[in-house]
Amino acid sequence: MLSTKKLVLFNEEDIFMKNKTKRIGLLFDSLRSPYDIANILQVAIALDCDIYTSGNCIDFKNRKILGKVNSWKATSYPMIVHFDNIETAIEKFHSEGKKVYGTSPNVSNDFYELDFVKEDIIIAFGSESHGLSKKAMNMMDGIYKLPMKNIGFLTLSIVTSAVAFEINRQIKKSTID
């Protein structure tokens, strides 16, 4: 069984980890699928991302999730912070000077226009079935889409991977330049 010392779930009152290295922050509202969570955790482990959840999310310590995660024999696990609702999370990030950008296939703003090096950015994802609420989107600093051909959307775990790896690419490139 996965040690709870490794996969820690914080709540919104906990103090966020502060360090000098650029962090990839991913915010998910009402994440319900064990399959999606396991795949998202794999990306978060690989890139050392911070995971933020809000709303009615499935327990990350669900046996289906833990079974898959334990099989990877990872040496570290992501910080996971849960908020009661996405609006509280957005307010918290804004109070810390972070920008929050949402994702949607229904906008014209191109995700690749974002500069993840100049700003401290959290990327927010809604549920596959409902996306982000209008109220949450109105609170965000912008809504972006991942440009695609021949299909109108990607599943949550696939779009998360594409987004996280692009953020990682930009951050790594900035440390080389």
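The values are calculated or read from the model by the stated rules, or taken from the named source; none is laboratory data. Note that the coordinates shown come from a computational prediction; the quantities given were computed from them, not determined experimentally. Positions of Cβ are backbone-derived with ideal geometry, glycine not excepted, and every protein chain shown enters the neighbour counts.
What the table shows:
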quantity: Flag if Ala136 is farther than 20 Å from Ile158 by Cα, buried (at least 21 other Cβ atoms within 10 Å of the Cβ) and either in contact with an Asp or Glu (Cβ under 8 Å, 6 or more places away or on another chain) or not hydrophobic (A, V, I, L, M, F, W, C) (or both); calculated: yes
quantity: Restricting the stretch 77-132 to residues that are among the small types (Gly, Ala, Ser) and free of Cβ contacts under 8 Å to residues at least 40 places away in the same chain, the residue that is nearest to Glu166 (Cα to Cα); calculated: Ser108
quantity: Search result, residues across the stretch 8-57 that are modelled with pLDDT of 90 or more, part of a loop (DSSP other than H, G, I, E, B) and farther than 23 Å from Asp115 by Cα; calculated: Ser30, Leu31, Arg32, Ser33, Gly55, Asn56, Cys57
quantity: So Ala124, is it closer than 15 Å to Val43 by Cα and surrounded by 16 or more Cβ atoms within 10 Å (Cβ to Cβ); calculated: no
quantity: Conditions (1) farther than 23 Å from Leu31 by Cα; (2) in contact with a Ser or Thr (Cβ under 7 Å, 6 or more places away or on another chain); number of the one not met by Ser174; calculated: (2)
quantity: Selection from the stretch 97-116 of residues that are small (Gly, Ala, Ser) and farther than 23 Å from Thr53 by Cβ; calculated: Ser108
quantity: Whichever residue in the stretch 45-92 is buried (at least 18 other Cβ atoms within 10 Å of the Cβ) and of a type in the set (Gly, Ala, Ser) and, among such residues, is farthest from Leu26 (Cα to Cα); calculated: Gly55
quantity: Residue list for the stretch 139-167, filter: surrounded by fewer than 19 Cβ atoms within 10 Å (Cβ to Cβ) and among the β-branched types (Val, Ile, Thr); calculated: Ile151, Thr155, Ile158
